[in-house]
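Single-structure report; data block below.
The values are calculated or read from the model by the stated rules, or taken from the named source; none is laboratory data. None of the values given here were measured: they were computed from a predicted structure. Positions of Cβ are backbone-derived with ideal geometry, glycine not excepted, and every protein chain shown enters the neighbour counts.
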């Protein structure tokens, strides 16, 4: 039988050296204009709806370029319609309209023929068991975080952050990241949710051990899916990290965005 | 419980009925006519030849259409029952061999004639029928066989023969990226192609980047790709079957081959162990990871190495019994370049199989095969961020599978109008899965972190290749598929029809259903491989598909040209992907991160094949659509998978330029891949801030894969010069990959570069291309 005894590649160097080309190409991405809605309906606070828009990829815009000033928007609550008027910096308000616990609100927007609808319910506050400082020792490293347990309500999801308030009740420092959200189905055998903050820097613990608080956030449960996908559209230059998932907005129609009810309160750490 | 009693009872009854049916349908058909049977093998090595064409002619009308025809099966056997008294000319043909003619006289006293046909190799006939549609008996559809000898003459990357690269020139077969060798057949994902080597399932038969196919072509005897509508003897996958048969090893003399290269080497040894035993061992090793850093400091090109080893031992107990043991192992390692600025990743995968087979030729018309198979597969992905302040993308996954399979197959050529096949198969699967958003060594050892699943899969089939009328052939069968864990028990009917409009023209149609209980799940937000095979459970349903195929096939100019036109439509159900809200932590059960959808694929394929002469090869065109529908993905809107390709043109030609010079060329054109890209930007603030700053800049992606990359097209050339030196025949081959140096995109992405005038980062669209023009030279000597 005929066989090949020897075969060797001479120009393999060229094969390897020639690999990989990275070139800049003409931007042929098709721009689609969308209305962007952002409204956090925080219990006890005036309702403000922030309306902006998408712009073609450029990176050189001023913040004001995104603001939409000529949209029509209204909120319906308990069969009463509140028209929103443009205030400033992209905000639309209805004077005297505050968010209330347990209330459901319906938002309708219309801009350049693009219509959107959304709805949310502002969660009730909830019963909590306690809040405590937790310590984890891993070799020579010690980390600290806060933990609290609470009874979940229906239709709400929960998260916590650590807060430091000095003796004069003036806010000194507050974490700006909720590490995880928990749903009613995550409760333990005691029907309680166990919520944890991110780690607190050790130097803060040393200085402010007696001034620790935990802030509990309760959101309309629609916020959960957005929370899980919120980083998908972050601008990144990593070529291996191609976003291929959609943010789970709760605004429907010709717009993207969130219209979400929120309640929050703080608890002193024992 | 692995195997519920009620399912066992149903299975047992079903299989009993199938065997009774097989017996009943075959017995009354026995008639008192003569049978011509035999075995076809290589005259020198004794290696049996698969799919050799066997035809029976009226000796006075040699040029007419044959009276009867068949082809050898995977054991090299053929049988022509129901032959009446008379004089005949039996011709036996195979690629690269001289045609053998045998004069036969059938008299009343002759019931069975058996021939041990030995074909002699002939370089003069090497060009004939290099790629042929599986039309031996017109019982199947959408099936193509490729000769390993033909593969050697096609262009390749760096001189290494690439089986999957060649298959991707067949209409209906595409690839996802230039870096991937996965076969996407008629809109199906790679996991929907059942790849078997000597009947054993291989889960990941790919080496990276087309440097080589996992299968060492030195050890391959036959390659058969069935693109759809496959007969009942195959199952367990939705789209296609790639059936590879290894050589048995020469029974006459020891021989070998070897290759020594700068990035890889290989060796192949075969020969007799005794008068009744033979072996073949073929292995390769690639050490690109050691060479690349010496000559390139690319930050993108990964470090890569692999090895693979095929081995097969055969023992011929008698003329009618053969026992064989075959094994295969492979291991691939892919890591980031030391200069990488994007991610720290380490991805490796390995295959291992062991198979014990007993082939029994009960008579000249009955064959049985019993197999015990073991498969082990492991895929490991580790990705860690190395860029400060970048989006956290840490991910670790491990997908390990062990299969134990026992199966039996029987074939019975009962009469001139019926060839029956039946079989039964039981497979026990064990899965170990880890999916987490960080890596610690305890993940590998602590059973609390590992999802361990056991499952049992069984199937049985019966099929009949039935010559209903002189002009109408059919392959009718049914496969029973059972998967107790998902309470799944389903009959899968298969039918393929072929009607001869003339002795050169056939119209064909097929309908087939199929099920698949394994799901290959990959992350869609990461370009690096993150494969996990996940079995069906009580929550995750087996996928299933329905296929409809119709086509016409005709020959011109005494068979020199073959034209095939086929259309297909395929519906797929219970397809799974990660949902948009999937979390990758050990606390989150994997099956809860998946979402279910469906898909369909349709297309038209034209295949024009010149089969003889100094110029051989084919031109193929495919018009196709592939769609996916998931309620939880892309906001419920339909989307195209990345490998959806509207138009695809492939040309593969081999030309004998002079007596000692031949050349091969391939040209491919394909519509650009579907890709996800942003279309705009917006500011969005979260819970804590109303301020606008660069940290709140987001990109707006309109929908999954709505953007199209530019069209892909590439010309490859191979020129081989043959000469004698010191009495030995040498081949000097020049391969040129991507002859006109077209920048085919692997992908595009937005890069943010600082604009000095505004001092703001601005998005720039960049394109990443893997392989420019790559010439390579190789020298071979034959003995």
Quiz item: Of the numbered conditions (1) facing chain B (nearest Cβ under 7 Å); (2) surrounded by fewer than 18 Cβ atoms within 10 Å (Cβ to Cβ), residue A:61 satisfies every one except a single condition; which is it?
Solution: (1)
Quiz item: Taking residue B:702, is it facing chain A (nearest Cβ under 7 Å), modelled with pLDDT under 80 and crowded, with 16+ Cβ neighbours inside 10 Å?
Solution: yes
Exercise. For segment A:35-61, name all the residues that are outside any strand (DSSP E or B) and closer than 11 Å to residue B:682 by Cα.
Key: A:54, A:56, A:57, A:58, A:59, A:61
Quiz item: Counting only residues that are part of a loop (DSSP other than H, G, I, E, B), more than 14 Å from chain A (Cβ to nearest Cβ) and under 17 Å from residue B:451 (Cα atoms), which one in segment B:500-536 is nearest to the chain's Cα centre (by Cα)?
Solution: B:531
Quiz item: Being crowded, with 16+ Cβ neighbours inside 10 Å and not in a strand (DSSP E or B), is that true of even one residue in segment A:101-121?
Solution: no
Exercise. Find the strands (runs of 3 or more DSSP E) located wholly in segment A:162-238 whose residues include 3 or more that are farther than 21 Å from residue B:581 by Cα, in contact with a strand residue (DSSP E or B) (Cβ under 7 Å, 6 or more places away or on another chain) and within 14 Å of another protein chain (Cβ to nearest Cβ), and list them.
Key: A:171-174
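Determine whether residue A:165 is in contact (Cβ under 8 Å) with a residue 40 or more places away in the chain and in contact with a helix residue (DSSP H, G or I) (Cβ under 6 Å, 6 or more places away or on another chain). Walk me through how you get there before you give the answer.
Numbers: in contact (Cβ under 8 Å) with a residue 40 or more places away in the chain: yes; in contact with a helix residue (DSSP H, G or I) (Cβ under 6 Å, 6 or more places away or on another chain): yes.
So residue A:165 fits the description; yes.
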Practice problem: Could you list all residues from segment B:747-765 that are under 29 Å from the mean Cα position of the chain (by Cα) and more than 9 Å from chain A (Cβ to nearest Cβ)? | Solution: none
Practice problem: Kindly indicate whether any position in segment A:82-91 is farther than 16 Å from residue A:116 by Cα, free of Cβ contacts under 8 Å to residues at least 24 places away in the same chain and within 14 Å of chain B (Cβ to nearest Cβ). | Solution: yes
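Does residue B:459 count as under 24 Å from the mean Cα position of the chain (by Cα) and either in contact (Cβ under 8 Å) with a residue 24 or more places away in the chain or buried (at least 18 other Cβ atoms within 10 Å of the Cβ) (or both)?
Values: under 24 Å from the mean Cα position of the chain (by Cα): yes; either in contact (Cβ under 8 Å) with a residue 24 or more places away in the chain or buried (at least 18 other Cβ atoms within 10 Å of the Cβ) (or both): yes.
So residue B:459 fits the description; yes.
Looking at segment B:665-675, is at least one residue within 7 Å of another protein chain (Cβ to nearest Cβ) and either in contact (Cβ under 8 Å) with a residue 24 or more places away in the chain or part of a strand (DSSP E or B) (or both)?
Filtering segment B:665-675 for residues within 7 Å of another protein chain (Cβ to nearest Cβ) gives none.
For segment B:665-675, residues within 7 Å of another protein chain (Cβ to nearest Cβ) and either in contact (Cβ under 8 Å) with a residue 24 or more places away in the chain or part of a strand (DSSP E or B) (or both): absent.
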Quiz prompt | Within segment B:81-105, considering residues that are buried (at least 19 other Cβ atoms within 10 Å of the Cβ) and closer than 28 Å to residue B:146 by Cα, the one farthest from the chain's Cα centre (by Cα) | solution = B:90
Quiz item: Within segment A:70-84, can you find the residues that are surrounded by 14 or more Cβ atoms within 10 Å (Cβ to Cβ) and in a loop (DSSP other than H, G, I, E, B)?
Solution: A:71
Quiz prompt | Checklist (1) at the interface with another protein chain (Cβ under 7 Å from one of its Cβ atoms); (2) in contact with a helix residue (DSSP H, G or I) (Cβ under 8 Å, 6 or more places away or on another chain); (3) modelled with pLDDT under 90 applied to residue A:24, failing item | solution = (2)
Quiz item: So how many residues does segment B:82-111 have that are assigned to a strand (DSSP E or B) and at pLDDT 80 or above?
Solution: 17
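With the condition kept exactly as written, say whether any residue in segment B:712-732 is under 25 Å from residue B:172 (Cβ atoms), at pLDDT 85 or above and within 8 Å of chain A (Cβ to nearest Cβ). Full working, then the answer.
Of the residues in segment B:712-732, the ones under 25 Å from residue B:172 (Cβ atoms) are B:712-718.
Filter once more, keeping what is at pLDDT 85 or above: B:712-718.
Then keep just the ones that are within 8 Å of chain A (Cβ to nearest Cβ); that gives none.
Looking for residues that are under 25 Å from residue B:172 (Cβ atoms), at pLDDT 85 or above and within 8 Å of chain A (Cβ to nearest Cβ), one finds none in segment B:712-732, hence no.
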Quiz item: Within segment B:221-261, can you find the residues that are within 14 Å of chain A (Cβ to nearest Cβ) and crowded, with 20+ Cβ neighbours inside 10 Å?
Solution: B:221, B:247, B:248, B:249, B:250, B:251, B:257, B:259, B:261
Quiz item: Within segment B:296-313, can you find the residues that are part of a loop (DSSP other than H, G, I, E, B) and either in contact with a helix residue (DSSP H, G or I) (Cβ under 6 Å, 6 or more places away or on another chain) or modelled with pLDDT of 90 or more (or both)?
Solution: B:296
